[in-house]
Amino acid sequence: FRVTEGGCDGLREWRKMEGNSSSCDVPQHETGISEILLTLAAFGILLGYFIFFMTHREQSVFGLGSRNRKKWVDRMMSKDKNSILIVQTMRNELMVASFLGETSFNAVTVIISISTALDLTCTLKKLESYDPILASAGTLFSPTLKVGLVCCILAATFGMSLQAVRFTKHISVMGAGFSQPTCDPFASQMKAAILQMYNQLSIFLFIAQRLVYITFAAIAWLFGPTLFLLTTLALVVHMASVDTSQAMDAQRM
């Protein structure tokens, strides 16, 4: 098999024609202010919810978990035989962190693989045509920007999960090797260190789980700002229900 110079020229011409034929045929019109308003509204709702949550976190499931973790550490450190329970609890936390980290890493890998195999920009422009309100309008935000946002959120999820795994390992080692002597000033310091690391572990897991929620909103943005706003509203309602209902039920008990 031998490729002549003319054959190579023909191959280049064929690839050039194929690239031209595969160009996006989505009609582009002038982008109105509606897209900007819908996008800013979605980001504003997310930001407003997290600001409200941080200012009222003690009345939420986060504050409830903080109080329960202190009781858990006191109980686990009260007897030497409870050290095995510490390792078992950390194993459960490790499974959650590993699942979030592995899922986010695989998702980023899939996105990178698809972006190298397909004309991703053209495909995403076609997805924006499914917007129920702004389907005929052009987009102000680049599709590459939207995919980059999804990848950044997934990468942050992986980083938070990795930190959670690190604290899980430290707590397991310290808890398994802890003994409860009657007169040891180091025992109280050990309990305080384990409680602090457990709180940090919970913070990283909490952020990772909320980033997974935000990922769905970012994916919806690929289909247009209208779906982005609707998905954001649904996620905020869901997160508000999850973050407050459990704490309110516990207070009633």
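The values are calculated or read from the model by the stated rules, or taken from the named source; none is laboratory data. Keep in mind the model is a prediction, meaning the values are calculated, not measured. With ideal geometry, Cβ positions are generated from the backbone for all residues, glycine too; neighbour counts draw on all protein chains shown. Side chains included, ligands, DNA and RNA excluded: accessible areas come from the protein's heavy atoms. Shrake-Rupley method; radii C 1.70, N 1.55, O 1.52, S 1.80 Å.
Take residue 129 and tell me if it is open to solvent by 30 Å² or more (accessible area, probe 1.4 Å), over 24 Å from the mean Cα position of the chain (by Cα) and at pLDDT below 90.
Values: open to solvent by 30 Å² or more (accessible area, probe 1.4 Å): yes; over 24 Å from the mean Cα position of the chain (by Cα): yes; at pLDDT below 90: yes.
So residue 129 passes the test.
What pairs come up if the first residue lies in the range 154-172 and is touching a residue at least 12 places away in the same chain (Cβ under 8 Å), the second is of a type in the set (S, T, N, Q), and their beta carbons are under 6 Å apart, counting only those six or more places apart or on different chains?
154/104; 157/104; 158/104; 167/200
Name the residue, out of 112, 86, 36, 51, that is farther than 29 Å from residue 226 by Cβ, part of a helix (DSSP H, G or I), of a type in the set (Val, Ile, Thr) and at pLDDT 75 or above.
86
Among the listed residues 66, 78, 22, which satisfies the condition of being more than 30 Å from residue 142 (Cβ to Cβ) and at pLDDT below 75?
None of the other options fit; the residue is 78.
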